[in-house]
Amino acid sequence: MVGIIVQLVLSWLILGILQKQSLSALGFYPPKKRILQLFLGLLFASMSCILVEILNSELTHLSWKLNDNLNYMDIPNYLWWNLKSVLFEEFIFRGALLYIAIQRLGAKKGIVLSAICFGIYHWFSYGLFGNIASMVIVFLITGFMGLIWALGFLKSKSMALPIGLHLGWNFTTNAIFSKGPMGDQILIPVKGLYYTQLTGVPSLVNFLTQNIGVTMLTYLFIKFYAQKECDNY
């Protein structure tokens, strides 16, 4: 929490010094509209992640069950952990620095720069140095998603939408499907008699197809949302 407060203060200073703007430049107002954007982004990303897991389960014959050791009182803690990690990344990559980049470099260059930095950042967070193939794949996947989330900031003029998209994806992946660094949480996988582990090229194609598909769906969602916003004015 202290880290988030520090990021807010730094964002306020950077915006004030370089752009003569306050934190309102990051789109915190009007609050009702931003809460709606946050919720819609969270819901869309969560449903997209669930769809990906359903498709993957169908291909591999993987099933899921509720964690027998789940303490329902821990679910808010799972949400809080994901929210903190999302806010940390969003304030770096879709906050004041992105706003300044857009203002000074233009929209296209600004969001591309943000996406490149986001992709490179995941080399460090995932500890991938030395594994060239993994570095390329992770850079492309996270970079393109970072590009779409930055586009969400540009089109909505707020951090709320990309935060919602990011949180929806991370919480569903990490907490609901227990694929994060915290281990088993809400659902745990069950590899039954007919479970098939995808390997080699089929595994790579499946991974890329699902991630590219989610990225394109998110792009269409943002484009549709932006068009609806324009129609309302």
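The values are calculated or read from the model by the stated rules, or taken from the named source; none is laboratory data. Computed from a prediction, not measured in an experiment: that's the story for all the values here. Counting neighbours? That spans all protein chains shown, and the Cβs are built from the backbone with ideal geometry, glycine included.
Within the stretch 164-205, can you find the residues that are aromatic (Phe, Trp, Tyr) and in contact with an Asp or Glu (Cβ under 9 Å, 6 or more places away or on another chain)?
The answer is Phe177, and nothing else.
Tell me whether the stretch 214-225 contains one or more residues that are on the phi < 0 side of the Ramachandran plot, polar (S, T, N, Q) and modelled with pLDDT of 95 or more.
Yes, there is a match, as at least one residue in the stretch 214-225 is on the phi < 0 side of the Ramachandran plot, polar (S, T, N, Q) and modelled with pLDDT of 95 or more.
Among Leu204, Leu187, Leu167, which is the only one that is of a type outside the set (S, T, N, Q), modelled with pLDDT under 90 and surrounded by 13 or more Cβ atoms within 10 Å (Cβ to Cβ)?
Details: Leu187 fails: modelled with pLDDT under 90; Leu167 fails: modelled with pLDDT under 90.
Of Leu204, Leu187, Leu167, the one residue that is of a type outside the set (S, T, N, Q), modelled with pLDDT under 90 and surrounded by 13 or more Cβ atoms within 10 Å (Cβ to Cβ) is Leu204.
For Thr215, only one of the following conditions fails: (1) in a helix (DSSP H, G or I); (2) among the polar types (S, T, N, Q); (3) in contact with a strand residue (DSSP E or B) (Cβ under 9 Å, 6 or more places away or on another chain). What is its number?
(3)
Being under 24 Å from the mean Cα position of the chain (by Cα) and surrounded by 17 or more Cβ atoms within 10 Å (Cβ to Cβ) narrows it down to one residue among Leu42, Leu51, Leu10, Leu36; which is it? Reasoning before the result, please.
Values: Leu51 fails: surrounded by 17 or more Cβ atoms within 10 Å (Cβ to Cβ); Leu10 fails: surrounded by 17 or more Cβ atoms within 10 Å (Cβ to Cβ); Leu36 fails: surrounded by 17 or more Cβ atoms within 10 Å (Cβ to Cβ).
It is Leu42.
Can you name the residue in the stretch 75-92 that is among the charged types (D, E, K, R) and surrounded by 15 or more Cβ atoms within 10 Å (Cβ to Cβ) and is also farthest from Gly41 (Cα to Cα) among such residues? Quick ask: steps written out before the conclusion?
In the first step, residues of the stretch 75-92 are kept if they are among the charged types (D, E, K, R); the result is 84, 89-90.
With surrounded by 15 or more Cβ atoms within 10 Å (Cβ to Cβ) added as a condition, the list becomes 89-90.
On the way: Glu89: 16, Glu90: 14 Å.
That would be Glu89.
Just to verify a result, which residue in the stretch 109-151, among those that are surrounded by 15 or more Cβ atoms within 10 Å (Cβ to Cβ) and among the polar types (S, T, N, Q), is nearest to Leu98 (Cα to Cα)?
Ser114
Within the stretch 13-33, track down each residue that is surrounded by 14 or more Cβ atoms within 10 Å (Cβ to Cβ) and of a type in the set (Val, Ile, Thr). Give the steps one after another, and end with the answer.
Our first condition is that a residue be surrounded by 14 or more Cβ atoms within 10 Å (Cβ to Cβ); within the stretch 13-33, this holds for 14-16, 18-19, 21, 23, 25-27, 33.
Ile14, the sole residue that qualifies.
Quick one: which helices (runs of 4 or more DSSP H) sit completely within the stretch 1-112 and have at least 1 residues that are closer than 22 Å to Ala160 by Cβ and free of Cβ contacts under 8 Å to residues at least 12 places away in the same chain?
Filter on the stretch 1-112 gives 2-14, 31-60, 75-93.
Do you know which of the residues in the stretch 190-203 that are outside any loop (DSSP other than H, G, I, E, B) and touching a residue at least 40 places away in the same chain (Cβ under 8 Å) is nearest to Lys179 (Cα to Cα)?
Val190
For the condition of a type outside the set (Asp, Glu), at negative phi and touching a residue at least 12 places away in the same chain (Cβ under 8 Å), what is the one hit in Ala133, Ala150?
None of the other options fit; the residue is Ala150.
Checking the structure you have, find out if any residue of the stretch 98-105 is among the small types (Gly, Ala, Ser) and over 26 Å from Val6 (Cα atoms).
Of the residues in the stretch 98-105, the ones among the small types (Gly, Ala, Ser) are 101.
With over 26 Å from Val6 (Cα atoms) added as a condition, the list becomes none.
So far as the stretch 98-105 goes, no, none of its residues is among the small types (Gly, Ala, Ser) and over 26 Å from Val6 (Cα atoms).
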